[in-house]
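Trainee: First the structure, which I've put down as structure tokens, then a few questions once you've had a look.
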Amino acid sequence: MSEAARKPGRAMPDIEVGRLMQLIPHRFPMLLIDRLTEIEAPERATGIKCVTINEPFFQGHFPGDPIMPGVLI
């Protein structure tokens, strides 16, 4: 994580997924964020995930009747 992103309470513009992937180790299919909107490192961060029917978890939860897994809500 960059030095700027580590400063507690730092206000920042939205960070898109390309830059976000430089900050965290997660990758598809577990990169469950599209944009970082706020960070108070190292305590918390707020982000946005744009969910579509094409998400991998919908294929098996449940076939023919896709439902967002409760642990992801």
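Trainee: Suppose we keep only residues that are in contact with a helix residue (DSSP H, G or I) (Cβ under 8 Å, 6 or more places away or on another chain) and assigned to a loop (DSSP other than H, G, I, E, B) within the range 39-66. Which one would you say is modelled with the highest pLDDT?
Mentor: PRO66
Trainee: Let me ask something additional. Report every pair of residues separated by at least 6 positions or lying on different chains whose Cβ atoms are under 7 Å apart, first residue within the range 38-64 and without any contact (Cβ under 8 Å) to a residue 12 or more places away in the chain, second exposed (fewer than 10 other Cβ atoms within 10 Å of the Cβ).
Mentor: From the range 38-64, the pairs are HIS61/ILE67.
Trainee: Got a number for residues in the range 18-38 being under 14 Å from VAL51 (Cα atoms) and either assigned to a loop (DSSP other than H, G, I, E, B) or not basic (Lys, Arg) (or both)? Please lay out each step first, then the result.
Mentor: We begin by selecting, within the range 18-38, every residue under 14 Å from VAL51 (Cα atoms); these are 28-35.
Restricting the remaining residues to those that are either assigned to a loop (DSSP other than H, G, I, E, B) or not basic (Lys, Arg) (or both) gives 28-34.
Qualifying residue count for the region: 7.
Trainee: Of the residues in the range 1-38, how many are at pLDDT below 85 and of a type in the set (S, T, N, Q)?
Mentor: Adding up the residues that qualify gives 1.
Trainee: Follow-up. Got a sec? Which of ARG35, ARG27, ARG44 is within 17 Å of ASP14 (Cα to Cα) and exposed (fewer than 10 other Cβ atoms within 10 Å of the Cβ)?
Mentor: Working: ARG35 fails: exposed (fewer than 10 other Cβ atoms within 10 Å of the Cβ); ARG27 fails: within 17 Å of ASP14 (Cα to Cα).
Exactly one of ARG35, ARG27, ARG44 is within 17 Å of ASP14 (Cα to Cα) and exposed (fewer than 10 other Cβ atoms within 10 Å of the Cβ), namely ARG44.
The values are calculated or read from the model by the stated rules, or taken from the named source; none is laboratory data. Since we're looking at a predicted model, the values are computed, not measured. As a convention, Cβ positions derive from the backbone with ideal geometry for all residues, glycine included, and neighbour counts pool all protein chains shown.
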